[in-house]
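Here's the structure, in structure tokens; my notes come after.
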Amino acid sequence: MKRKTLKWLGFLAGVGLVLWLWQRDRATGGVGRRLKYATIRLSRSARLVRGRERATWVHRFYALLAPAYDLLFLKMPGYRQAARDLIERLDVGAHDTVLDVGCGTGLLTLPLAERAGRVVGLDLSPAMLEKLAAKAARRDLTVELRQGSVLELPFADEEFTIVTTAFMLLYLTPAEKQRAMAEIRRALAPSGRLGCLSSLGEIADIFLIREEWEGLLTGAGFTDVQIEERYDVFRLVIARKRDVNDHQGDVL
């Protein structure tokens with residue numbers, strides 16, 4: 001019990017350190033050496049939330065964090081713009097039905113709702129969904145919200161033309177990442193698009209490097225994989241659901 005408590009304290013301290021360093025480096029527009037080091041330390045501590053403890057951790061941690069989440073995390077330099085860049089690259093329009101997995105307080109969900117015909121946000125945390133619902137109401141945006149897991153999506157086959165996610169995969173084991181991508185592919189319509197926002201695996205090993213993204217997505221049945229970097233720290237990953245008539249797609 002004492003060891004687990006120390007892990008929790010280490011993780012929370014890591015969150016605070018990363019946030020402080022984000023603000024410190026904000027003026028330079030880049031990511032400082034101290035931030036990279038802190039992110040690596042945080043990534044190692046975050047493995048506590050993988051596996052069977054995840055649901056309990058998510059409920060408790062994000063219930064505490066939800067009231068201040070936007071103030072802390074959405075102030076990160078380039079974070080909002082990277083999210084908007086991803087939406088632009090996906091070419092979201094009024095004809096699209098979009099699922100945002102691990103939606104949190106709406107980093108992707110709310111901008112998507114300004115463009116798409118239908119947007120659904122899915123998250124494990126009731127507190128984060130409640131926060132998102134209030135924000136959507138204030139902006140007069142229509143968003144459907146569901147509590148659930150990417151490992152067992154509560155949606156029909158081929159229900160969405162686009163699925164998005166931001167920083168959700170970092171909580172999953174390699175086997176769970178494969179299962180998550182299989183579920184996302186199942187929920188996507190033929191030729192549906194997938195857009196992921198993450199950080200560079202070259203900075204912290206809890207995130208995926210380019211080759212890992214390529215292997216994960218092509219192995220899960222996606223093609224036309226495109227991987228781009230933004231603002232020294234963010235990674236945009238875009239892919240299309242492979243159809244039966246497709247050849248193996250290129251990775252760009």
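The values are calculated or read from the model by the stated rules, or taken from the named source; none is laboratory data. Note that the structure is a prediction, hence the values are computed from the model and not measured. Ideal geometry is used to build each Cβ from the backbone, glycine not excepted, and the neighbour counts take in all protein chains shown.
Computed quantities for the displayed model
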{"item": "Residue that is surrounded by the fewest Cβ atoms within 10 Å (Cβ to Cβ), among those in the stretch 203-237 that are at pLDDT below 90 and in contact with a strand residue (DSSP E or B) (Cβ under 6 Å, 6 or more places away or on another chain)", "result": "Phe207"}
{"item": "Verdict on Thr109 being touching a Cys at 6+ places or on another chain (Cβ under 6 Å), surrounded by 14 or more Cβ atoms within 10 Å (Cβ to Cβ) and not aliphatic (A, V, I, L, M)", "result": "yes"}
{"item": "Options Arg185, Arg193, Arg179, Arg146: the member that is among the basic types (Lys, Arg), more than 26 Å from Ala68 (Cα to Cα) and outside any helix (DSSP H, G or I)", "result": "Arg193"}
{"item": "Leu208 being of a type in the set (A, V, I, L, M) and touching a residue at least 40 places away in the same chain (Cβ under 8 Å)", "result": "no"}
{"item": "Leading residue by the ranking (nearest to Leu208 (Cα to Cα)) among those in the stretch 144-177 that are in contact with a Gly (Cβ under 6 Å, 6 or more places away or on another chain) and modelled with pLDDT of 95 or more", "result": "Thr165"}
{"item": "Among the residues listed as Leu200, Leu145, Leu194, Leu188, the single one being touching a strand residue (DSSP E or B) at 6+ places or on another chain (Cβ under 6 Å), surrounded by fewer than 21 Cβ atoms within 10 Å (Cβ to Cβ) and within 21 Å of Val119 (Cβ to Cβ)", "result": "Leu145"}
{"item": "Of the criteria (1) over 20 Å from Val92 (Cβ atoms); (2) surrounded by fewer than 21 Cβ atoms within 10 Å (Cβ to Cβ), which one Arg240 fails", "result": "(1)"}
{"item": "Qualifying residue in the stretch 241-250 (condition: out of contact with any Gly (no Cβ under 7 Å at 6 or more places or on another chain) and under 24 Å from Gly117 (Cα atoms))", "result": "yes"}
{"item": "Sole exception among (1) crowded, with 17+ Cβ neighbours inside 10 Å; (2) over 25 Å from Gly106 (Cβ atoms); (3) not basic (Lys, Arg) for Asp157, by number", "result": "(1)"}
{"item": "Yes/no for Asp157 being touching a helix residue (DSSP H, G or I) at 6+ places or on another chain (Cβ under 9 Å), part of a loop (DSSP other than H, G, I, E, B) and of a type in the set (D, E, K, R)", "result": "yes"}
{"item": "Lone unmet requirement of (1) surrounded by 18 or more Cβ atoms within 10 Å (Cβ to Cβ); (2) in contact with a helix residue (DSSP H, G or I) (Cβ under 8 Å, 6 or more places away or on another chain); (3) more than 21 Å from Ala220 (Cβ to Cβ) for Ala116", "result": "(2)"}
{"item": "Subset of the stretch 82-113 (residues that are under 15 Å from Arg146 (Cβ atoms) and over 15 Å from the mean Cα position of the chain (by Cα))", "result": "Thr97, Ala113"}
{"item": "Residue list for the stretch 122-143, restricted to those being in a helix (DSSP H, G or I), under 20 Å from Thr56 (Cβ atoms) and out of contact with any helix residue (DSSP H, G or I) (no Cβ under 6 Å at 6 or more places or on another chain)", "result": "Pro126, Leu129, Glu130"}
